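Undergrad: One structure, pasted below without further comment.
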Amino acid sequence: MQALFQTILYIPIFNAFVALYNLIPDVGVVIIIITILLKLALYPLTKSSIAAQKSMTEIQPKLEALKKQHKGNQQLLAQETMRLYKENKVNPLGSCLPILIQLPIFIAIYWVFMQGLTGNDFGILYPFVKNPEHIKTISFGFVDLGKSGNVILAVLAAGAQYWQAKMMQSKRPPKEAGAGGKDEDMASIMNKQMLYFMPFLTLIIGFQFQAGLALYWFVSTLLTGLQQKFMFAKNKTPEAPSTPANV
């Protein structure tokens with residue numbers, strides 16, 4: 001399994017990393033280019049994951065209502081939940097499967113950047129890829145992407161993670177919304193766990209690992225957020241004009 005992983009993912013991505021570095025001797029620019037290329041290649045999977053995650057968020061209040069309505073009857077609750085999924089054309093695994101497919105690629109990227117930023121072993125290069133002998137980790141003239149503890153990049157990565165997660169959250173309803181609004185409110189509160197936990201985790205990881213990985217995470221999350229924003233804007237239905245109240 002490890003040999004297959006290296007042959008299909010790690011070695012090709014590492015060779016692409018080094019080949020780009022030979023053309024553009026700035027490791028930060030290379031990381032950004034590779035991140036963009038990977039996001040383009042994974043666009044269909046990311047799109048599917050975002051759509052499924054948004055659908056699950058939108059029906060969360062209805063799921064909460066079903067749990068209250070059929071509390072103590074797990075069999076009926078399961079049946080009604082599946083019916084709700086079917087009526088709203090929601091696949092509960094739709095947001096997980098694309099992520100699981102992308103996971104080996106993310107692991108390969110992690111090891112490629114770790115090797116490229118900290119090592120000088122180029123024994124796995126293809127014959128047509130020039131051996132640079134050493135990769136300079138100073139990028140943009142002043143940032144050492146080979147060292148850990150870069151606060152700025154860690155904060156940027158965490159901020160991008162928060163921005164992306166914030167778009168996915170359902171808005172808290174007004175108090176006038178009534179009982180249905182209470183369900184929406186409960187779903188919104190539950191979703192906050194992910195809203196704040198993931199950026200915090202990203203901040204810790206981005207600070208502890210090489211700055212090049214924090215740069216990759218920032219750019220990757222930013223691009224995913226932009227794709228998410230584009231999808232939401234495209235699917236947004238215009239609101240009906242409100243009727244002025246009689247004075």
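Undergrad: Using Stokes-Einstein with the Kirkwood hydrodynamic radius over Cα pairs, what translational diffusion coefficient do you get for the range 25-72 at 25 °C and a viscosity of 0.890 mPa s, in µm²/s rounded to a whole number?
TA: Value of D from the Cα-based Kirkwood radius: 178 µm²/s.
Undergrad: Would you mind checking the pairs LYS62/LYS229; LYS71/LYS229; LYS47/LYS67; LYS89/LYS166 and listing those with alpha carbons more than 27 angstrom apart?
TA: LYS71/LYS229; LYS47/LYS67
Undergrad: Any idea of the accessible area per residue across the range 1-150, 1.4 Å probe, to the nearest Å²?
TA: So the range 1-150 comes to 59 Å² accessible per residue, rounded to a whole number.
Undergrad: Sticking with this structure for a sec: How large, in percent, is the carbon and sulfur part of the accessible surface of the range 1-118 at a probe radius of 1.4 Å?
TA: Carbon and sulfur atoms account for 67 percent of the accessible area of the range 1-118.
Undergrad: Count neighbours as other Cβ atoms within 10 Å of each site's Cβ, and list the trypsin sites (Lys or Arg not before Pro) in the range 1-71 that are DSSP loop with at most 15 such neighbours.
TA: Answer in residue order: LYS71.
Undergrad: Net charge around VAL90, counting only other residues with Cβ within less than 12 Å of its Cβ (Lys, Arg = +1; Asp, Glu = -1)?
TA: Around VAL90, the charge tally is +3.
Undergrad: Once you treat every alpha carbon in the range 69-170 as an equal point and sum by Debye, what is log10 I(q)/I(0) at q = 0.18, 0.21 Å⁻¹?
TA: For the range 69-170, the Cα-only Debye profile gives -1.10, -1.24.
Undergrad: If you don't mind, there's one more thing I want to ask. List the chymotrypsin sites (Phe, Trp or Tyr not before Pro) within the range 57-146 that fall in a DSSP loop (any state other than H, G, I, E or B) and whose Cβ has at most 11 other Cβ atoms within 10 Å.
TA: Answer in residue order: PHE128, PHE140, PHE142.
Undergrad: Beyond 18 Å, what share of the Cα-Cα pairs of the range 1-128 remains, rounded to the nearest whole percent?
TA: Value for the range 1-128: 65 percent of Cα pairs lie more than 18 Å apart.
The values are calculated or read from the model by the stated rules, or taken from the named source; none is laboratory data. Only a predicted model underlies this, so the values are computations on that prediction, with no experimental measurement involved. Every residue, glycine as well, gets a Cβ built from its backbone with ideal geometry; the counts of neighbours run over all protein chains shown. SASA here: full protein model, heavy atoms, side chains in, ligands and nucleic acids out. Shrake-Rupley method; radii C 1.70, N 1.55, O 1.52, S 1.80 Å.
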